[in-house]
Ligand SMILES: Cc1ncc(COP(=O)(O)O)c(C=O)c1O
C-alpha cells in the first residue's frame, strides 16, 4: 500500500464534526471578557467552570480499510494532548463542587504520564499544588514536562510482585497522603467521576457525530474510558459491540502477569472502574503488534499516534475476520495520544527488536 498523508480517500472528516472550531482557551461562550486571572484563587468552582471550554469536541477521521467504515477519534487534539484531559478536568470539577478540594489542597496522583500531565496543567491553571508519582516507564517527554511545572515529582524505582510499577506507585501515594496536610488523591483507578467525564464528554461527542455504530474498540488501563463510553454508547446504539483492548501481560481481564514496556494500555491490578463497563469481547495485543500497528498508522494512514492507539488499531485488524461479511460495519477506535512521547521506544526500530 502506498503512503497516503491525509489524502481525500484516506482521511475524511465526518459530516457535522467540529473540526475547524476555534479554541479560545479559558474563555467560554457567553463569558464576555472574563479571564482566569480576574477570578480570586478562592473561587475554584468558577475558575474551573471557565476552563470547561478548553475541552472541545475532538475530530473523527475516516481511514481506508477493506470491509468496514473505520473511524479514528483523535483524542490527542485535547488541550494538553491526550484523552486524560477529560477525567483530569472532570475529577477536579466534581471534587470542588462537593467541597473536597479547597485552596489549601495538594492534589496527589499516580500516573504513567498523560493523566499527570493533564492534572499538572489544570491544577496549575486553578492555583492548586500537585505532586505526581511516576515510574521508570514514563516517557522522557512527560517526565520533562512534569519536572518543568511541578515543584515536586516523586519517581518510584522498585517493581511490584507482578513485574510492573503500579502497586509501588499506589503505595507511595498512600504514604504521601498520610504525611502531607490537606492531601487529595484523585484516584484515577477508582474514581467514578472519571467514568462520568467519558460518559458526558468523549461518548457525548461520538453520539453527536454518528447516526449508527457497530463496533467501538477501546484500550483499557484504569477502565475510566471504557466504563463511561460503553455505557453511553449502549444507550444510544443498543446493538453496538464494545471491544476492550488489553496488552498481553496485563492482568485486567484475568491474563497472566508479564513485564510490559509500553504505557497506556494494561495494568498490573484489576481497576474497580472496569466492573462498570459494558464489554462484549476482549482482545489482547502483544507489544510488538502495537509497534507494527503504530508504524502502519503513520506510514499508511498518516496518523502519528501513541502506543495505545496502535494497540486498538491492531485489535480492529485482528477482529475484522469476526465481523459479519453481509454488512459493512461502522467501526470506531480511539487514539488517546500523539506519537511524539514514543519516539525513543515504539518508533525506534532498535528498541522494538528487544520486545517478545
Ligand atoms: C495513552 C493512553 N491510552 C489509553 C489509556 C487507557 O484509558 P483508561 O485509563 O481510561 O482505561 C491511557 C490511560 O492512562 C493512556 O494514557
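Scanning the stretch 96-124 for residues being part of a helix (DSSP H, G or I) and within 18 Å of residue 145 (Cβ to Cβ) gives a total of 11.
Condition check: in a loop (DSSP other than H, G, I, E, B) and more than 23 Å from residue 210 (Cα to Cα). Does residue 57 satisfy that? It is false that residue 57 is in a loop (DSSP other than H, G, I, E, B) and more than 23 Å from residue 210 (Cα to Cα). Restricting 262, 252 to those that are assigned to a loop (DSSP other than H, G, I, E, B) and touching a residue at least 40 places away in the same chain (Cβ under 8 Å) reduces the list to 262.
Results for (1) in contact with a helix residue (DSSP H, G or I) (Cβ under 7 Å, 6 or more places away or on another chain); (2) at pLDDT 95 or above; (3) outside any loop (DSSP other than H, G, I, E, B); (4) within 21 Å of residue 82 (Cα to Cα), shown as yes or no for each residue.
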site: 294; (1), (2), (3), (4): yes, yes, yes, yes
site: 310; (1), (2), (3), (4): yes, yes, yes, yes
site: 325; (1), (2), (3), (4): no, no, no, no
site: 346; (1), (2), (3), (4): yes, yes, no, yes
site: 350; (1), (2), (3), (4): no, no, yes, no
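Take the conditions within 14 Å of the ligand (Cβ to nearest atom) and more than 22 Å from residue 139 (Cα to Cα) and apply them to residue 192. Does it pass? Against the criterion (within 14 Å of the ligand (Cβ to nearest atom) and more than 22 Å from residue 139 (Cα to Cα)), residue 192 qualifies.
Residues checked against (1) closer than 17 Å to residue 355 by Cβ; (2) surrounded by fewer than 16 Cβ atoms within 10 Å (Cβ to Cβ); (3) over 18 Å from the mean Cα position of the chain (by Cα):
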{"position": "208", "(1), (2), (3)": "no, yes, yes"}
{"position": "215", "(1), (2), (3)": "no, no, yes"}
{"position": "222", "(1), (2), (3)": "no, no, no"}
{"position": "241", "(1), (2), (3)": "no, no, yes"}
{"position": "245", "(1), (2), (3)": "no, no, no"}
{"position": "249", "(1), (2), (3)": "yes, no, yes"}
{"position": "312", "(1), (2), (3)": "no, no, no"}
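Residues that are free of Cβ contacts under 8 Å to residues at least 40 places away in the same chain and farther than 25 Å from residue 306 by Cα were ranked within the stretch 73-123; the one that is farthest from the ligand (Cβ to nearest atom) is 99. Annotation note: of 341, 324, 336, the sole residue that is in the same structural domain as residue 234 (by TED's automatic domain parsing) and surrounded by fewer than 17 Cβ atoms within 10 Å (Cβ to Cβ) is 324.
Taking the listed residues 225, 162, 168, the one that is part of a loop (DSSP other than H, G, I, E, B) and in contact (Cβ under 8 Å) with a residue 24 or more places away in the chain is 162, with no other qualifying. Kindly indicate whether residue 61 is more than 16 Å from the ligand (Cβ to nearest atom) and modelled with pLDDT of 95 or more. Taking the combined requirement at face value, the residue satisfies it. Here the condition is being farther than 15 Å from residue 221 by Cβ and assigned to a strand (DSSP E or B); of 316, 331, it holds for 331 alone.
Yes or no, residue by residue, for (1) out of contact with any strand residue (DSSP E or B) (no Cβ under 6 Å at 6 or more places or on another chain); (2) in the same structural domain as residue 207 (by TED's automatic domain parsing); (3) surrounded by fewer than 24 Cβ atoms within 10 Å (Cβ to Cβ):
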| site | (1), (2), (3) |
| --- | --- |
| 50 | yes, yes, yes |
| 66 | yes, yes, yes |
| 92 | yes, no, no |
| 120 | no, no, no |
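The values are calculated or read from the model by the stated rules, or taken from the named source; none is laboratory data. In this text the structure is predicted, and so the values were computed from the model without any measurement. As a convention, Cβ positions derive from the backbone with ideal geometry for all residues, glycine included, and neighbour counts pool all protein chains shown.
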